[in-house]
1. In the set 166, 197, which member is farther than 26 Å from residue 247 by Cβ and either more than 16 Å from the ligand (Cβ to nearest atom) or touching a strand residue (DSSP E or B) at 6+ places or on another chain (Cβ under 8 Å) (or both)?
2. Test residue 246 against the criterion of being farther than 23 Å from residue 264 by Cβ, in contact with a strand residue (DSSP E or B) (Cβ under 7 Å, 6 or more places away or on another chain) and surrounded by 14 or more Cβ atoms within 10 Å (Cβ to Cβ), and give yes or no.
3. Out of (1) of a type in the set (Asp, Glu); (2) touching a residue at least 60 places away in the same chain (Cβ under 8 Å); (3) more than 14 Å from the ligand (Cβ to nearest atom), the odd one out for residue 152 is which?
4. When region 1-33 is examined, which residues are found to be over 19 Å from residue 80 (Cα atoms) and touching a residue at least 24 places away in the same chain (Cβ under 8 Å)?
5. Kindly indicate whether residue 281 is surrounded by fewer than 14 Cβ atoms within 10 Å (Cβ to Cβ), in contact with a helix residue (DSSP H, G or I) (Cβ under 8 Å, 6 or more places away or on another chain) and among the aliphatic types (A, V, I, L, M).
6. Only one of (1) more than 21 Å from residue 163 (Cβ to Cβ); (2) more than 11 Å from the ligand (Cβ to nearest atom); (3) assigned to a loop (DSSP other than H, G, I, E, B) fails for residue 33. Which number is that?
7. Residues that are of a type in the set (A, V, I, L, M, F, W, C), near the ligand (Cβ under 9 Å from one of its atoms) and either closer than 19 Å to residue 183 by Cα or buried (at least 20 other Cβ atoms within 10 Å of the Cβ) (or both): does region 71-82 have at least one?
8. Tell me which of these residue 112 doesn't satisfy, since it passes every other one: (1) touching an Asp or Glu at 6+ places or on another chain (Cβ under 6 Å); (2) touching a residue at least 24 places away in the same chain (Cβ under 8 Å).
Amino acid sequence: MIILKTTIALRAYLEEQQQLSLKIGFIPTMGALHDGHLSLIEAAKAGSDVVVSSIFINPAQFNNTVDFEKYPVTIENDIALLETAGCDVLFLPQVKEMYPNDYDDQRRYDLGFLETVLEGKFRPGHFQGVCMIVDKLLDAVRPSSLFLGQKDYQQCMVIQRLVELRRNDPCSRDTKIVVCPTLREPDGLAMSSRNMRLNEAQRKKANAIFQSLLIADELVKKGSIRIAAINGYRFLEEKGFKVDYFDLADGTSLRSVSDLESIPERVAILVAAFLDDIRLIDNIVIDTRQSVN
Ligand code: AMP
């Protein structure tokens with residue numbers, strides 16, 4: 001695996017590959033890699049000629065300093081995992097490389113409604129920060145396909161929107177987004193870099209997030225959609241979580257089901273909750289045409 005630290009070096013390398021019409025698959029990450037990340041590498045390998053991954057803990061997307069400072073860093077292990085997984089290129093820039101002029105004076109992205117709900121509501125500025133870095137990374141990599149995890153459902157939608165906004169720029173290459181399923185631990189906890197921060201007692205409790213989704217899922221399937229969110233929320237509160245949101249939304253628009261007159265075909269159940277100072281998110285998506293009685 002080649003490790004490159006500057007955009008110039010990355011462009012020079014990938015230019016050659018792109019002139020040979022090789023398809024580049026890209027997986028952006030913030031490191032502290034786990035099997036969820038590696039499943040994206042696997043998916044990229046199957047559909048691309050060259051697999052590029054990046055590791056960059058993007059300061060612009062953290063709206064909470066403690067979360068940023070405590071974000072796990074395991075770079076040596078990450079490099080070994082990427083090598084074994086068959087990643088071809090790792091882009092490993094420093095903050096100055098991505099933000100030579102600081103990150104406060106960057107452009108704003110028109111994300112519309114998407115930015116006003118769920119993660120957007122509880123983490124103001126977060127998705128602007130995500131767009132800032134992904135925009136720069138897409139300029140640097142110019143991939144044919146971008147591999148993302150469903151674990152960050154709303155982020156996938158935001159990046160899809162970013163790719164659409166970029167279509168207005170004649171220099172930008174069209175990128176296909178591939179959303180890959182959430183990998184889970186045996187007890188159902190969604191794999192996440194932040195899980196490394198959980199102590200033993202917290203780790204035991206953490207699977208309640210997935211259980212709460214299953215509770216809501218069952219209620220939706222029984223046709224009791226209106227109480228599903230309330231029951232999921234209460235379950236987590238009783239387990240000692242501080243819940244930011246527990247909502248059922250149209251899987252395509254993210255409009256809350258409680259604001260809609262009919263039940264959408266795809267319902268996303270989305271949750272974010274704190275276990276002490278560690279914030280975990282998760283979601284599942286239901287096809288109501290098949291599953292609701
Ligand atoms: P992160 O390093 O947390 O920014 O995540 C990098 C990419 O990995 C994002 O597209 C995430 O959605 C994806 N990802 C994170 N956790 C998982 C998981 N458990 N299963 C699949 N993909 C994941």
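Read-outs: derived from the displayed coordinates by stated rules, not from any lab. Predicted, not measured: the structure shown is a model, and the values here were computed from it. For neighbour counting, all protein chains shown are included, and Cβ atoms are generated from backbone atoms with ideal geometry for every residue, glycine included.
1. 166
2. Criteria not met by residue 246.
3. Evaluating residue 152 over (1) of a type in the set (Asp, Glu); (2) touching a residue at least 60 places away in the same chain (Cβ under 8 Å); (3) more than 14 Å from the ligand (Cβ to nearest atom) leaves (3) as the failure.
4. 6, 7, 10, 11, 13, 14, 17, 18, 22, 23, 24, 25 - these are the residues of region 1-33 that are over 19 Å from residue 80 (Cα atoms) and touching a residue at least 24 places away in the same chain (Cβ under 8 Å).
5. The answer is no for residue 281.
6. Result: residue 33 fails condition (2) only.
7. No, the conditions are met nowhere in region 71-82.
8. Checking residue 112 against (1) touching an Asp or Glu at 6+ places or on another chain (Cβ under 6 Å); (2) touching a residue at least 24 places away in the same chain (Cβ under 8 Å), the one that fails is (1).
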